[in-house]
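Where a number appears in this text, it was derived from the coordinates with a stated rule and is not lab data. As the structure is a prediction and not an experimental result, all values here were calculated from the model. Here the Cβ positions follow ideal geometry from the backbone for every residue, glycine too, while neighbour counts run over all protein chains shown.
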Amino acid sequence: MTLPPEYFDAIYASNDDPWNFATSAYEAAKYARTLDVLPRLSYRRGLEVGCSIGVLTSLLTGRVEQLTALDPNQRALDLTRRRLEAQGLLNSVTLLQRRLPYEVPAGPFDLVVLSEVLYYLDSQDLQQALDAVLAALEQGGTLVLVHWTPWVHDYPQTGDAVHEAALQRVAAGQLQHIKAERHGDEQQGYRLDLFEKV
């Protein structure tokens, strides 16, 4: 089962930064690597799905002229708005309360970032989310997936499972696989895969 909105309501009710995105050296290194692998120095229109409290969002504004950031949780979006306002970055970002897989903006986008979001979906919703994201990504656009790989008992899927689902789109001729990386270990690690829409 895909995790319901109430799951995230409970998480943000108890902690404004439940995954330590703003303070973790691990997260900072992961965000830096995510930006480093992007093949273009700048993008016109980007989509970040699952922006949480906006730490990566604020970094992406340096590479994207107009960024649309989605999250299903209003508290998370409020915290993102506050962060961007404090940094003077809100003018280049549109924040939307949306849920995968049914509420993906139409695009077109030349960059889509799926960071720490797809393992919250069950297998059926994951396939529909990938369909929606690819429909919104323009030809030649960049798709980057970054996910935690250790098993989490709450999550419907692992990071490896969602990346393997994306790799099936390569075999189907929808994506070209540009880069694959693993960082960390079984206790604290992530997988990064970079694609281009063909």
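For a quick check, take a GNM of the chain with Cα springs below 10 Å and name the residue from ALA25, ALA165, ALA69 with the largest mean-square fluctuation. Of ALA25, ALA165, ALA69, the Gaussian network model singles out ALA25 as fluctuating most.
Comparing GLY159, GLY173, GLY140 in a Gaussian network model of the chain (Cα springs below 10 Å), the most mobile by mean-square fluctuation is GLY173.
Rounded to the nearest 5, what is the percent of antiparallel bridges among the DSSP beta bridges in the chain? Approximately 45 percent, going by the DSSP bridge assignments. Placing +1 on the Cβ of every Lys and Arg and -1 on the Cβ of every Asp and Glu, with no other charges, gives the chain a dipole of roughly 620 debye about its Cα centre. Once you list every other residue whose beta carbon is under 14 Å from the beta carbon of ALA13, what net charge do they have if Lys and Arg are +1 and Asp and Glu are -1? Taking every other residue near ALA13 into account, the sum is -4.
Comparing mean-square fluctuations of TYR43, TYR119, TYR155 from a GNM of the chain with C-alpha springs under 10 Å, the top value falls on TYR155.
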